[in-house]
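Structure record follows, encoded as structure tokens.
Readers should treat all values here as calculations from the given coordinates under stated rules, not as data from a laboratory. This is a predicted model, so every value here is computed, not measured. FYI the Cβ positions are ideal-geometry reconstructions off the backbone, even for glycines, and counts take in every protein chain you see.
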Amino acid sequence: MLATFASARQLRTNAHAGSGGQPLRGKNIALLLGSSPSAHVAPLSNAAQALGARVAELRFTRSQYPVAGRDDIGALARVLGRLYDAVDCEAVESSAAYRIEKEAGIPVYHGLCQDEHPARVAADLMTLHDLHPPPGASILFVGDTDTARASGFISAARAMGFEVLFNGREGPDLKDTTFLVDASDGPHWSLLASTGPVDEGLRAQNHHWVMQTMLLHGIVKGLSAAAGLFERTEP
């Protein structure tokens with residue numbers, strides 16, 4: 001994750017300097033969505049288009065009455081592999097997404113824009129780093145530490161030099177720490193500094209750079225495995 005964090009910061013620097021370019025020009029990316037419109041994939045679509053890619057939003061629904069002997073997922077994967085350079089399985093159940101990843105022969109992302117995706121962890125840590133924390137800065141983590149997202153965040157934060165504390169019965173509070181990460185409200189985490197809530201706009205911008213970085217790792221380098229560097233582990 002630290003490599004993605006560093007690459008995202010470099011991508012941001014290049015873009016601000018006007019030297020980012022459109023390295024995905026001519027590439028085609030498919031977003032597999034559910035039967036209902038999903039507005040929250042717009043940031044991913046925007047991130048890909050800013051890199052020059054063409055983005056197609058495809059509705060994905062599995063038949064309630066599968067035909068015996070017909071491999072619909074395998075056929076879909078092969079078609080996607082012929083038509084697109086990468087696929088994001090936004091609304092696809094895990095078993096089908098991994099089947100597509102196995103047979104499509106192109107990078108397959110597992111809900112890159114979702115809050116639960118590790119791209120969000122990298123973006124949040126990038127945001128905290130942008131606030132210029134002092135040496136030995138600490139993060140008070142509040143919420144369930146047993147989720148994959150929490151585990152990834154805590155591990156990466158420690159690797160970056162943060163001290164991670166937990167709010168037990170007699171644990172610290174915000175006045176004793178540099179930042180507070182409140183993960184108690186489901187998928188939406190709140191970030192607070194000693195001066196108040198962290199700017200949501202900054203978080204969104206950094207999420208943009210991280211998603212772009214992961215798209216580039218998978219598509220430009222042509223490594224399907226790179227798309228899964230920080231994906232959920234297959235059950």
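With the biggest extent put first, the Cα atoms of the stretch 79-191 measure 55, 28, 19 Å across the principal axes. Note on Ser184 and Leu83: their simple-model spin labels are 4.7 nm apart, each label 7 Å out from Cα toward Cβ.
Between Leu131 and Ala50, the modelled labels are 2.2 nm apart [label points 7 Å from Cα along Cα→Cβ]. Take the Cα radius of gyration of the chain and divide it by 2.2 N^0.38 Å, N being the number of residues; the result is 1.09.
Within the shell of other residues whose beta carbon sits under 11 angstrom from the beta carbon of Thr213, the net charge comes to +2, with Lys and Arg scored +1 and Asp and Glu -1.
Taking every C-alpha pair closer than 8 Å and separated by at least 6 residues, the mean separation divided by the residue count of the stretch 132-197 gives a relative contact order of 38 percent. For q = 0.19, 0.21, 0.28 Å⁻¹, what log10 I(q)/I(0) does the stretch 132-197 give under the Debye formula with an equal point scatterer on each alpha carbon and no solvent? Computed log10 I(q)/I(0) values: -0.70, -0.86, -1.43.
Taking the number of Cβ atoms within 10 Å of each Cβ as an exposure proxy, the fewest-first ranking of Met126, Met1 is Met1, Met126. Between His16 and Ser95, residue separation times 0.36 nm minus the direct Cα-Cα distance comes to 24.5 nm.
If I take R0 = 22 Å and measure r between the Cβ atoms of Arg25 and Ala148 in this structure, what FRET efficiency does the formula 1/(1 + (r/R0)^6) give, to the nearest 0.05? Given R0 = 22 Å and the Cβ-Cβ separation, E is 0.05. Between the alpha-carbon centres of the stretch 123-154 and the stretch 40-56 there is a gap of 27 Å. Taking the number of Cβ atoms within 10 Å of each Cβ as an exposure proxy, the fewest-first ranking of Lys175, Lys102 is Lys175, Lys102. Tally the DSSP beta bridges in the stretch 132-197 and give the antiparallel ones as a percent, rounded to 5. Among the beta bridges of the stretch 132-197, antiparallel pairing accounts for roughly 45 percent. Out of all DSSP beta bridges with both ends in the chain, state the antiparallel percent to the nearest 5. The antiparallel proportion sits near 25 percent. Taking all Cα pairs closer than 8 Å and separated by 6 or more residues, the relative contact order of the stretch 84-201 comes to 20 percent.
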